[in-house]
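The values are calculated or read from the model by the stated rules, or taken from the named source; none is laboratory data. Predicted, not measured: the structure shown is a model, and the values here were computed from it. Don't worry about glycine lacking a Cβ; one is built from the backbone with ideal geometry, like all the others, and counts go over all protein chains shown.
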């Protein structure tokens, strides 16, 4: 007998969903993986009757710098807990005037400009070449676009992000170079997160929040961490509403018993 069952949803970034008042029957789980410990305890629970697992990428106190984020342990842990979908929230800078601070972007392409991070699960025993022509999941993106329209959010249905190593921000010369490469946005977290999700076979989609114009725009103050946190604080509720709407109307899968 086939049942139409909601997929278990993993959320990286939190965006307020780790509030114990929001999740029902929530638990904090410590998990060990072959790649060490995840960034923090994973929060599991239910929202609107659907199973959710939440992980703070930089730790609940935001104490882990981008290069030291245990990306492999994070994705492995979500997979171990049975997550079949990953939605990842991320702050990003804009490299194009049309992507304005306060807007949401559903990424469809990415560029890797990291230099020091382990990029694969398969660095021992065997080599696996993972297709990455379409790194983000189109089905998830279409559902998010539909819900963003319903909520009347200011968003872009697609965008190309470049991930830099960090924790420093770009020089102006770098920022201008990234523009010429065709990047629309810039952050420090999408790579290798999206790569690892693809390797392990979990559909992954980023919800990017534009916070600044990096440093290429001469008529704007160059980006600072204080600027990012201020804009994130102002717009986190938008993403929180979107995530709750998604969880309440999830992608389903056929489960045969």
So, of the residues in region 22-39 that are touching a strand residue (DSSP E or B) at 6+ places or on another chain (Cβ under 7 Å) and under 27 Å from residue 167 (Cα atoms), which turns out to be surrounded by the fewest Cβ atoms within 10 Å (Cβ to Cβ)?
31
Which one is surrounded by the fewest Cβ atoms within 10 Å (Cβ to Cβ) among residues in region 70-111 that are farther than 23 Å from residue 144 by Cβ and touching a helix residue (DSSP H, G or I) at 6+ places or on another chain (Cβ under 8 Å)?
76
Any residue that is more than 25 Å from residue 179 (Cα to Cα), modelled with pLDDT of 95 or more and assigned to a loop (DSSP other than H, G, I, E, B) - is there at least one of those in region 137-151?
yes
(1) over 19 Å from residue 74 (Cβ atoms); (2) under 17 Å from the mean Cα position of the chain (by Cα): which one isn't true of residue 154, the others all being true?
(2)
If you check 2, 56, which single one turns out to be out of contact with any helix residue (DSSP H, G or I) (no Cβ under 7 Å at 6 or more places or on another chain), closer than 28 Å to residue 159 by Cα and at pLDDT below 95?
56
Only one of (1) surrounded by 22 or more Cβ atoms within 10 Å (Cβ to Cβ); (2) free of Cβ contacts under 8 Å to residues at least 12 places away in the same chain does not apply to residue 146, and that is (1)
Inside region 157-167, can you point out the residues that are part of a loop (DSSP other than H, G, I, E, B) and either on the phi > 0 side of the Ramachandran plot or surrounded by 20 or more Cβ atoms within 10 Å (Cβ to Cβ) (or both)?
159, 166
Are any of the residues in region 214-226 part of a strand (DSSP E or B) and in contact with a helix residue (DSSP H, G or I) (Cβ under 8 Å, 6 or more places away or on another chain)?
no
Give the residue that is farthest from the chain's Cα centre (by Cα), with candidates limited to residues of region 77-103 that are part of a strand (DSSP E or B) and within 19 Å of residue 66 (Cβ to Cβ).
94
Taking region 171-214 and keeping only residues that are crowded, with 21+ Cβ neighbours inside 10 Å, more than 30 Å from residue 78 (Cα to Cα) and either free of Cβ contacts under 8 Å to residues at least 60 places away in the same chain or out of contact with any strand residue (DSSP E or B) (no Cβ under 7 Å at 6 or more places or on another chain) (or both), one is left with 175
Could you please give the count of residues in region 168-200 that are touching a helix residue (DSSP H, G or I) at 6+ places or on another chain (Cβ under 8 Å) and assigned to a loop (DSSP other than H, G, I, E, B)?
3
